[in-house]
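In what follows, a single structure is set out as structure tokens and then discussed.
The values are calculated or read from the model by the stated rules, or taken from the named source; none is laboratory data. Worth saying up front: this structure is predicted, and the values here are computed from it rather than measured. Counting neighbours? That spans all protein chains shown, and the Cβs are built from the backbone with ideal geometry, glycine included.
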Amino acid sequence: MSVKKIFIAGFGGQGVLLIGRMLAYAAMYEEKEVTWMPSYGPEMRGGTANCTVCISEDPIASPLASTCDVLVAMNGPSLDKFEGMLLPGGDLFINSSIVPQKTTRTDVNVYYVDCNKIAEEQVGNGKTANMVMLGAIIQITKVVGLSIMEKVFEKVMTGGKTALIALNMKALEAWTK
């Protein structure tokens, strides 16, 4: 595997950085090389947030990415702003619950994931929309294994949050192509 560059963007509060962190932890558990680079505006919620995750079997020269193999747009402004970063043949994931527009790209694989609707109707918790998207990313790209995610959740969700592990696993598996 060459370096897989994943760029995830959306509003603050959508769990954009958490999607990236979960991918990074999963890659570490699978003993892959990984970098995670977050970026967010000064606002806590409603501002912009994005992160870059690079995953590889070999050492990663730089965590910076001006182009990416996978682009995740959790909101419309992110699709508008970052769509051009995606390399031809790459995978574009769009949160179709919030993003009304369709991509103009014809040279990429496009996945419209109705994250919010799936989270509410199939998982029973709208706050898991980001985990629905994470599940879609993992299922399509196979950049990490879906089975490792329970171990990742056990690491991250401690104390009172352990009750959320099963719910988040359900969210990961809720989207199907």
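One line per residue, one yes/no per condition, for (1) among the small types (Gly, Ala, Ser); (2) in contact (Cβ under 8 Å) with a residue 24 or more places away in the chain; (3) over 26 Å from SER2 (Cα atoms); (4) loosely packed, with under 14 Cβ neighbours inside 10 Å:
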{"position": "ALA73", "(1), (2), (3), (4)": "yes, yes, no, no"}
{"position": "GLY76", "(1), (2), (3), (4)": "yes, yes, yes, no"}
{"position": "THR104", "(1), (2), (3), (4)": "no, no, yes, yes"}
{"position": "GLU120", "(1), (2), (3), (4)": "no, no, yes, no"}
{"position": "SER147", "(1), (2), (3), (4)": "yes, no, no, yes"}
{"position": "LYS155", "(1), (2), (3), (4)": "no, yes, yes, yes"}
{"position": "THR162", "(1), (2), (3), (4)": "no, no, yes, yes"}
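Report, by residue number, each residue of the stretch 164-177 that is within 15 Å of the chain's Cα centre (by Cα), surrounded by fewer than 22 Cβ atoms within 10 Å (Cβ to Cβ) and part of a helix (DSSP H, G or I).
Correct list: MET169 only.
Assuming THR128 fulfils every condition listed in (1) over 15 Å from the mean Cα position of the chain (by Cα); (2) at pLDDT 95 or above apart from one, which condition is it?
The number of the failed condition is (1).
Inside the stretch 78-102, can you point out the residues that are surrounded by 14 or more Cβ atoms within 10 Å (Cβ to Cβ), of a type in the set (D, E, K, R) and over 20 Å from SER39 (Cβ atoms)?
Matches in the stretch 78-102: ASP91 only.
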